[in-house]
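Here is the structure we will look at, set down as structure tokens.
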Amino acid sequence: MAWFLRKKPNIEETQQRELPEGLWAKCPRCNAILYKKQLEEHLYTCPHCHYHFRIGSQQYIDFLLDAGSFQERHTELRSADPLNFVDTKPYWQRLQDAYRSTGLNEAFTTGLARLAERPIVFGCMNFAFIGGSMGSVVGEKFRRAVVDALQQQLPLIVLCASGGARMQEGALSLMQMAKTAAALTRLAEARLPYITVLTDPTTGGVTASFAMLGDIILAEPGALIGFAGPRVIEQATRRKLPEGFQRAEFLQDHGFVDRVVHRKELRSTLALLLELLC
């Protein structure tokens, strides 16, 4: 009899085969297997290690803002292809793929809303849309959000998530850094509060412009925040950089971020800030 020579079944493999696809998620940090419903109840954070999963603007709208209060604006703006840019695929095709896969019209969603019954102008970046890159339309939608805040005399809250400037638009994308910063000057002159929330990741030109210009800068735990990558910085400075120097906690310790806030506490923290500032 050769029954004792048979390979012992791998329990983990058996469990994986038995798990219905789409109902479970694996935490990248602690490898815990999480039921999707449980993950939603914890606002897409791991209940074991508090890892914050990347989410889109719709999820933030659902749990941050008062139910049914968000009114999206400036949805008619769409990116053009002024350079007829082609990398691995034409830029126009990359845009069409992003429209189809995300259901969004750009990497930035903005509108009027209420948070804890206080009216605000709200904006949220969408990393799933071409890496949350900032092109001409993102810059223009941000500028219009500032104009909305000025006209309505409301505070502006923006959630940031970006891989930087959109290379397919060349210098036009870089100009958005100056454009958004100039718009915020008007907001500061009007003494209207501007709060930013940095999520994972917030890098490149967005970090170098409106993300770090908030009157108050919050960040989610573990968020990657920086301008250039660690290798580029080490080569430029010729210094060995400390581990985790581009994470939210390190930036808070060194004064670049005012407070690191768990996603479950984000709504209450923003509500308190609005009460204090308004």
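The values are calculated or read from the model by the stated rules, or taken from the named source; none is laboratory data. Keep in mind that what you see is a predicted model, and the values were worked out from it rather than measured. Note: ideal-geometry Cβ built from the backbone for every residue, glycine included; neighbour counts use all protein chains shown.
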| task | Within region 191-199, identify whether any single residue is crowded, with 22+ Cβ neighbours inside 10 Å and part of a helix (DSSP H, G or I), and answer yes or no. | result | no
| Taking V261, is it aliphatic (A, V, I, L, M), in contact with a strand residue (DSSP E or B) (Cβ under 9 Å, 6 or more places away or on another chain), surrounded by 21 or more Cβ atoms within 10 Å (Cβ to Cβ) and not assigned by TED's automatic domain parsing to the domain that holds H48? | no
| task | Quick one: which residue in G229, G204 is assigned by TED's automatic domain parsing to the domain that holds P119, surrounded by 21 or more Cβ atoms within 10 Å (Cβ to Cβ) and not charged (D, E, K, R)? | result | G204
| query | Can you tell me which residue in region 154-190 is surrounded by the most Cβ atoms within 10 Å (Cβ to Cβ), limited to those that are hydroxyl-bearing (S, T, Y) and under 25 Å from N84 (Cβ atoms)? | reply | S162
| The lone exception for A67 - which of (1) assigned by TED's automatic domain parsing to the domain that holds A116; (2) buried (at least 16 other Cβ atoms within 10 Å of the Cβ) it fails | (2)
| field | Options L154, L159, L218, L187; residue that is in contact with a strand residue (DSSP E or B) (Cβ under 9 Å, 6 or more places away or on another chain), part of a loop (DSSP other than H, G, I, E, B) and assigned by TED's automatic domain parsing to the domain that holds S268 | value | L154
| Can you tell which of V121, V137 is surrounded by 15 or more Cβ atoms within 10 Å (Cβ to Cβ) and in a helix (DSSP H, G or I)? | V137
| message | Among the residues in region 87-99, are any in contact with a Lys or Arg (Cβ under 9 Å, 6 or more places away or on another chain), free of Cβ contacts under 8 Å to residues at least 24 places away in the same chain and not acidic (D, E)? | response | yes
| note | Checked D81, D97, D148, D87 against criteria (among the acidic types (D, E) and in contact with a strand residue (DSSP E or B) (Cβ under 6 Å, 6 or more places away or on another chain)); the one match is D148
| remark: For region 59-75, the count of residues that are touching a residue at least 12 places away in the same chain (Cβ under 8 Å) and either in a helix (DSSP H, G or I) or among the polar types (S, T, N, Q) (or both) equals 8
| message | Any residue in region 210-234 that is closer than 17 Å to L159 by Cβ sitting within a Cβ distance under 7 Å of a residue that is charged (D, E, K, R) and in a loop (DSSP other than H, G, I, E, B)? List the pairs, counting only those 6 or more apart or interchain. | response | I216/D258; I217/D258; L218/D258
| query | If only one of R54, R78 is at pLDDT 95 or above, among the basic types (K, R), over 30 Å from Q153 (Cβ atoms) and part of a loop (DSSP other than H, G, I, E, B), which one is it? | reply | R54
| query | Name the pairs whose Cβ atoms lie under 9 Å apart, with the first residue in region 182-194 and over 15 Å from A211 (Cβ atoms) and among the β-branched types (V, I, T), the second in a loop (DSSP other than H, G, I, E, B) and at pLDDT below 95, and 6 or more positions between them or separate chains? | reply | none
| task | Please enumerate the residues belonging to region 200-209 that are in contact (Cβ under 8 Å) with a residue 60 or more places away in the chain and assigned to a strand (DSSP E or B). | result | D200, P201
